[in-house]
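Chemist: Got a structure for you, written out below as structure tokens; questions coming shortly.
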Amino acid sequence: MKYRYRGKISYTMDEHHPYVKYDKEWFKRKEYTFEDTYFFSKSYSVEDIRSLIQHDLMLVAGGGYSTNYINNIRFEIKQL
């Protein structure tokens, strides 16, 4: 049996983010979102699940390598 979760991150990017050059309409306070579905075995605690989802979403939002260039971060994490 597995847990199924939906995670969503909302964030802004600063001018040093690697994706800024691809967004012709970028401005400093523009909000971006990304969401994904996650599956975990029942052996994970809810705290571990939340932490792993947040870490993964932040890496994706940061361009895959760093979370240094994302700001104003908010999460929505729900068990499905």
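Chemist: Looking at the range 23-72, which of its residues are assigned to a strand (DSSP E or B) and in contact with a Leu (Cβ under 9 Å, 6 or more places away or on another chain)? Talk me through it step by step, then tell me what you get.
Modeler: Just the residues of the range 23-72 that are assigned to a strand (DSSP E or B), to begin with: 31-41, 70-72.
Of everything in the range 23-72, those that are assigned to a strand (DSSP E or B) and in contact with a Leu (Cβ under 9 Å, 6 or more places away or on another chain) turn out to be F34, E35, D36, T37, Y38, F40.
Chemist: Examine the range 2-20 for a residue that is within 18 Å of Q79 (Cα to Cα), of a type outside the set (G, A, S) and free of Cβ contacts under 8 Å to residues at least 40 places away in the same chain, and state whether such a residue exists.
Modeler: No, the range 2-20 has no match at all.
Chemist: Can you pull out every residue in the range 1-55 that is at pLDDT below 95, within 16 Å of T67 (Cβ to Cβ) and of a type in the set (A, V, I, L, M)?
Modeler: Matches in the range 1-55: V20 only.
The values are calculated or read from the model by the stated rules, or taken from the named source; none is laboratory data. Note that the structure is predicted; figures quoted are calculated from it, not measured. Cβ coordinates were reconstructed from backbone atoms using ideal geometry, including for glycine residues, and neighbour counts include every protein chain displayed.
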